[in-house]
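**Student:** Here's a structure for you.
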Amino acid sequence: MPRHSLKPAIKRGALLAAANWPVTLIQASADSLFKLLLAAPIIGGVFLVALAVGSEPYALMSLESRELVATIASALMSQPLVLTAYLLALAVVAVGGSLFVFLVKGGTVATLVRSDREAGAIEEPPLHVSTVARASRFGVDEYVESAWMLFPRYARLGVVLMAAYVVSGLSLTVMFVFALVWQFSRGSWLNYGVDFSGGTLVQVAFSQPTTVAQSVAASAITASSPSDTPTVRGTGSASVTASQTRYGTSP
């Protein structure tokens, strides 16, 4: 979109939303209701955990958010039946609430598109209230009909998006678990430089090609103890090696 047409487009969108304010109100109410529905399983999880561990709900609610989540997660993991019921309740709320939002969004989009097609150049000055009011295309019957007409498309799109979110979440979880297992079993896979590990980094140039193994052997001979032997690696040049040691100023 050309740069000079961005401001009129934003102005037109704001005027269309103002002219069809019932649609904006319905959409905002649906989004708020969906968020409220998502909060219900969280509050229910507190009561489930309280019943499972024999604690009082208000004692759990007094915890900080991180401690509350950790307590709920650990308690649910120790009670498979409670965990299954909690996940089913969360899935019902998430799927049902998403379908409801998709239904409302279908009517919202259809109404705004119809208003955009028939409103004319309402963004052009002079701006009058009557001109904006004529851009309203909201009607209960038309809204409901449009919502049901576009619902199958939005539902299919929503299923695809939810599947993508699930796959992404599972992938991140698998990678996170793999990283933790690797970290505790084999150590870090990152090659920390001198800025992180400390010490002195020295590049040595030789008059003839030298292998890393020869540099390591020479460093081991000159080191005062095995712990002082520097880490030697190649630099891409046959006659230059880089040595890093935590003690002293040279390998």
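Here, each number is a calculation from the coordinates, and none is a lab measurement. A quick note: this is a predicted structure, and the numbers were derived from the prediction, not measured. Using ideal geometry, Cβ is built from the backbone for each residue, glycine included, and neighbour counts are taken over all protein chains shown.
**Student:** Give me the net charge of LEU161's neighbourhood, meaning all other residues with Cβ under 13 Å from the Cβ of LEU161; Lys, Arg count +1, Asp, Glu -1.
**Tutor:** +3
**Student:** I would also like to ask the following. State, to one decimal in nm², a quarter of the convex hull surface area for the C-alpha atoms of the range 3-159, i.e. the direction-averaged projected area. Walk me through the numbers before you get to the answer.
**Tutor:** Numbers: hull surface 54.0 nm².
One quarter of the hull surface, i.e. the mean projection, equals 13.5 nm².
**Student:** Also, quick follow-up: With the crude spin-label approximation of a point 7 Å out along Cα→Cβ, what separation in nm comes out for SER130 versus ALA9?
**Tutor:** 3.2
**Student:** Using 15 Å as the cut-off for backbone N distance, which residues of the range 109-151 belong to the label zone defined by a point 7 Å from the Cα of SER29 along Cα→Cβ?
**Tutor:** Counting only backbone N, you get 139-141, 143-144.
**Student:** Please work out the FRET efficiency for the pair ALA39 and TRP148, using the Cβ-Cβ distance as r and a Förster radius of 35 Å; give the result to the nearest 0.05.
**Tutor:** Values: r = 28 Å, r/R0 = 0.81.
For ALA39 and TRP148, the calculated efficiency is 0.80.
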